[in-house]
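The next block holds one structure in the form of structure tokens; read it before the comments.
Values quoted throughout were computed directly from the atomic coordinates according to the rules given, and no laboratory measurement underlies them. If you're wondering where the values come from, they're calculated on a predicted model, not measured in any experiment. Reconstructed Cβ throughout: ideal geometry from the backbone, glycine too, with neighbour counts over all protein chains shown.
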């Protein structure tokens with residue numbers, strides 16, 4: 001079945017990304033059956049997870065409708081293969097809504113495709129000897145996303161198709177939820193290099209070269225908005241670059257590190273634990289500390305083949321504006337103060353989707369029912385952009401978590417830099 005015939009039968013538009021990998025999907029289509037759409041598989045996953053039993057009739061009805069129509073069977077296999085069998089992550093926001101083809105049950109179709117990754121997750125974790133409690137905490141997270149879908153659609157159950165990219169990672173078995181936070185191995189993506197002073201132990205991050213900054217030291221929205229551009233050189237025994245303050249902005253005055261006095265401890269591409277912050281209970285400092293401490297024991301035990309430098313996260317939750325918006329008593333702000341923050345390119349609307357369930361918000365009419373929502377709306381009504389941010393925390397420094405270590409040693413690090 002070619003794409004033109006598929007789209008003609010579905011009667012719904014798709015984006016250009018949809019066609020990537022289609023020929024391979026056709027070549028590998030399992031003529032016998034699509035096991036992940038059989039009740040024995042998805043009902044067992046539903047029972048294993050925290051999804052309400054009331055979903056069973058919806059799942060069964062939608063799966064039956066998909067299996068009875070050739071175009072939907074091919075679409076299901078194409079989506080499943082790209083989400084759960086490919087090693088490279090794909091974007092699924094261009095996939096059809098399917099509300100026409102499935103009489104309003106497009107969200108259930110994508111919920112079934114998300115659930116299809118759970119047996120793969122469980123099998124992989126069993127093979128690695130991962131405790132069942134960790135597997136369940138990691139896999140059952142899709143129930144929270146399903147609840148978000150209901151909020152977005154006014155009570156219609158299902159799942160957003162764009163989330164298949166994330167749940168492809170979940171299904172791979174390479175993501176682990178440990179207490180409050182989730183982790184997976186990835187190369188460090190921050191545009192910086194961090195150094196530790198050999199005698200004093202202070203850590204100082206320098207910006208990578210060619211990053212455009214605004215006058216405040218944050219990554220500029222565009223080159224036209226840039227006030228200055230970073231440089232970084234390593235020559236003649238000296239490393240010269242622009243220092244990043246642990247509070248999350250880059251300073252427009254370069255410093256020079258003597259190479260024989262500083263060791264590089266982090267650079268782009270280093271293996272690190274990428275941290276994800278799932279929605280749910282409050283992010284207290286103690287819960288975050290407990291989760292990170294557990295990760296430092298868990299990963300050397302179950303993945304000794306993958307030594308790592310520390311932790312990394314890039315998120316709207318690391319927006320340095322939150323300190324002014326929420327105050328120092330906020331759990332989010334308290335957590336930020338423990339980390340080495342660094343600036344990132346931002347859209348100006350970072351976090352809106354997670355705070356309001358929509359990336360488009362009218363500041364005058366949006367709900368103001370939480371402290372965070374009120375703070376965001378006041379910020380937007382003042383005509384200000386929103387930022388995201390990044391952080392790192394090295395393994396060696398974790399014994400100092402809770403002391404605002406990176407901020408407290410920054411002045412000494414700068415003095416040593418000269």
Q. For the Cα atoms of the chain, what angle does the longest principal axis make with the long axis of helix 142-152, in degrees from 0 to 90, nearest 10?
A. 80 degrees
**Q.** Proxy reagent accessibility, fewest Cβ within 10 Å first, across 333, 211, 66
**A.** 333, 211, 66
Q) Which option, [x] 1.08; [y] 1.49; [z] 1.69, is the value of Cα Rg over 2.2 N^0.38 Å that was calculated from these coordinates? A) [x]
Q | Helix-only mean residue ellipticity at 222 nm for the chain, each DSSP H run of n ≥ 4 adding -39500 (n - 2.57), per residue, nearest 500 | A | -10500 deg cm²/dmol
Q | Angle between the chain longest axis and helix 56-67 axis [Cα atoms, degrees, rounded to 10] | A | 70 degrees
**Q.** Ranked list, fewest to most other Cβ atoms within 10 Å of each Cβ, for 85, 384
**A.** 384, 85
Q | Cα centroid separation - the stretch 20-34 against the stretch 53-114, whole Å | A | 15 Å
(Q) Need the C-alpha centroid separation for the stretch 289-310 versus the stretch 188-218, integer Å. (A) 24 Å
Q) So how tilted is helix 39-48 from the main axis of the chain? Cα-based, degrees 0 to 90, rounded to 10. A) 40 degrees
**Q.** Full-extension gain in nm, residue 353 to residue 185, via 0.36 nm per residue minus C-alpha separation
**A.** 57.9 nm
Q: Would you work out the relative contact order for the stretch 165-301, in percent, from Cα pairs under 8 angstrom that are 6 or more residues apart?
A: 30 percent
Q: With all distinct Cα pairs included, what does the Kirkwood hydrodynamic radius of the stretch 3-174 come out to in Å, to one decimal, could you say?
A: 16.2 Å
Q: For each of 400, 301, count neighbouring Cβ atoms within 10 Å of the residue's Cβ, then give the residues from fewest to most.
A: 301, 400
